[in-house]
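Worksheet for the structure shown next.
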Amino acid sequence: MSDHRGVTPAATRPAAPVATTAPATTTVEGPRLLAGSPIAAQIRAGLTADFAAFKERWGYVPTLAVVLVGADAPSAVYLRQILRTCQKVGVQGRLIEIGSDVTPDALCNEIERLNVDPAVAGIIVQMPLPAQIPLRTVIDSIDPTKDIDGIHPRNAGLLSLGYDGFLPATAQAAVEILKRSGIEIAGKRVVVVGRSNVVGKPAALLLLREHGTVSVLHSKTRDLGRHTRDAEILIVAAGKAGLVTGEMLSPGVVVVDVGINVVGDKLLGDVDFESAKGVVSAITPVPGGVGPLTNALLLTHLLRAATDQAECSAAAAKGAAATGAATAPGAATATGAVTAKDAAAARGADRRAPR
Ligand code: NAD
């Protein structure tokens, strides 16, 4: 992301020089472990300073609202981690827990309250949602300027065109961990297992941006192993513990395991680590791989959203003062936000990426 104005989010800065000395890499007996935690720690350190500067400049601490509907176990794990990361970088995290019997209208009303709450800079609605909630209705109801996990059609569209909207953070983390570990993507045969709108599909689009030769596998793909064995880089995001085993991999492949599966009291990836470790050249651990990086990247998006909103609000207040216009209800708020939808329109043309 490159159009951030004012404070530059750490994750949008150029990636650290890619070298074998990259802090993301731990050498152990066996494959190289691509750990996300050290990269995330670097990003968080930058964010802590950036959010302090934000508070100094704008006089408030932005809030990340996370909406959890029902009690999906991996979601709860994921959200707890996000809230911990908020604490670490000095951001207000607000968890909104809603019962799984909520109606679509009630859920959308809750999201609308967050859309118009000037303290809330970013909103995440955790998936999966209960069956009675039409996904589309919820996704459409999030203000795209607060949609820091890139699920709104507007942000998804910008991504597919190669423009610069909010990226889905997990997909971004899967690619970022490769780049920051010095793994060349351009020209490689890259295989993505999973085609969800939040992980597999956006990861495939981002890998295309990096000039990978990308194939996407999914639940209807026949003979998965035939395709995974073709990969030089394999991204697995299927949500099935141990789906990919060592015999489905070619020697030397680099594997990014996005899966988080709660099995008993353990967190397991989608790749069977034990059988894979003797085959791969590098692999992300679960936990400690993509997860921590996802959270850190998400908060860089929050910083960008908060800064955009604050600047937009300041510009609106200045404009109103210049014309002597009274501040109309909804035109400016305590943090100054012009209504988020106006802000979206105003910023619409800004987020183009030169790709
Ligand atoms: P999803 O259920 O929405 O999508 C799963 C995808 O995998 C689907 O496209 C499906 O076609 C494919 N798939 C399922 N079974 C398959 C099979 N047997 N063979 C091939 N493809 C198959 O899940 P999601 O939201 O994309 O999440 C994927 C995984 O990533 C989950 O384990 C989730 O918990 C994890 N996740 C991790 C993070 C993180 O930060 N690390 C964040 C979000 C999600």
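The values are calculated or read from the model by the stated rules, or taken from the named source; none is laboratory data. For clarity, every value in this text was computed on a predicted model and none was experimentally measured. A quick note on method: Cβ atoms are made from the backbone with ideal geometry, for glycine too, and the neighbour counts reach across all protein chains shown. We work out accessible area using only protein heavy atoms, side chains counted, and drop any ligands, DNA or RNA first. Shrake-Rupley method; radii C 1.70, N 1.55, O 1.52, S 1.80 Å.
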Residues within region 31-47 that are open to solvent by less than 20 Å² (accessible area, probe 1.4 Å) and part of a strand (DSSP E or B), tallied: 1
Count of region 183-209 residues which are away from the ligand (no atom under 12 Å from the Cβ) and surrounded by fewer than 18 Cβ atoms within 10 Å (Cβ to Cβ): 6
For region 64-98, what are the residues that are closer than 18 Å to Ser141 by Cβ and open to solvent by less than 40 Å² (accessible area, probe 1.4 Å)? Leu64, Ala65, Val66, Val67, Leu68, Val69, Gly70, Ile96, Ile98
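A quick yes/no check of all residues on (1) in contact (Cβ under 8 Å) with a residue 12 or more places away in the chain; (2) out of contact with any Pro (no Cβ under 9 Å at 6 or more places or on another chain):
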| position | (1), (2) |
| --- | --- |
| Leu129 | yes, yes |
| Pro144 | yes, no |
| Pro153 | yes, no |
| Ser160 | yes, no |
| Lys179 | yes, yes |
| Glu184 | no, yes |
| Lys188 | yes, yes |
Would you be able to tell me the number of residues in region 114-132 that are outside any loop (DSSP other than H, G, I, E, B) and touching a Ser or Thr at 6+ places or on another chain (Cβ under 7 Å)? 2
Sort out which residues of region 163-189 are in a loop (DSSP other than H, G, I, E, B), closer than 17 Å to Asp149 by Cα and not hydrophobic (A, V, I, L, M, F, W, C), and write them in order of number. Tyr163, Asp164, Gly165, Pro168
Determine, yes or no, whether Lys318 is free of Cβ contacts under 8 Å to residues at least 60 places away in the same chain, closer than 28 Å to Leu64 by Cα and surrounded by fewer than 24 Cβ atoms within 10 Å (Cβ to Cβ). yes
Unique match (being loosely packed, with under 15 Cβ neighbours inside 10 Å and more than 16 Å from the ligand (Cβ to nearest atom)) among Asp143, Asp164, Asp101: Asp101
For Asp50, work out the one condition from (1) open to solvent by less than 40 Å² (accessible area, probe 1.4 Å); (2) acidic (Asp, Glu); (3) within 16 Å of the ligand (Cβ to nearest atom) it doesn't fulfil. (3)
Only one of (1) of a type in the set (A, V, I, L, M, F, W, C); (2) within 13 Å of the ligand (Cβ to nearest atom); (3) buried (at least 20 other Cβ atoms within 10 Å of the Cβ) is not met by Val216, so which one is it? (3)
Residues Ala156, Ala121, Ala171: which one is within 16 Å of the ligand (Cβ to nearest atom), of a type in the set (A, V, I, L, M), out of contact with any strand residue (DSSP E or B) (no Cβ under 6 Å at 6 or more places or on another chain) and more than 19 Å from Ser75 (Cα to Cα)? Ala156
Could you please let me know if Asp257 is over 30 Å from Val116 (Cα atoms), acidic (Asp, Glu) and touching a Leu at 6+ places or on another chain (Cβ under 6 Å)? no
Can you pull out the residues in region 241-287 that are open to solvent by less than 40 Å² (accessible area, probe 1.4 Å), more than 12 Å from the ligand (Cβ to nearest atom) and under 24 Å from the mean Cα position of the chain (by Cα)? Val254, Val255, Ala282, Ile283
Applying the selection to region 64-87, what residues are in a helix (DSSP H, G or I) and either modelled with pLDDT under 90 or over 18 Å from Ala40 (Cα atoms) (or both)? Ala73, Pro74, Ser75, Ala76, Val77, Tyr78, Leu79, Arg80, Gln81
Going by what's in this entry, would Asp308 be described as modelled with pLDDT of 90 or more, acidic (Asp, Glu) and farther than 30 Å from Asp143 by Cβ? no
Is it the case that some residue within region 226-240 is more than 14 Å from the ligand (Cβ to nearest atom) and open to solvent by less than 40 Å² (accessible area, probe 1.4 Å)? yes
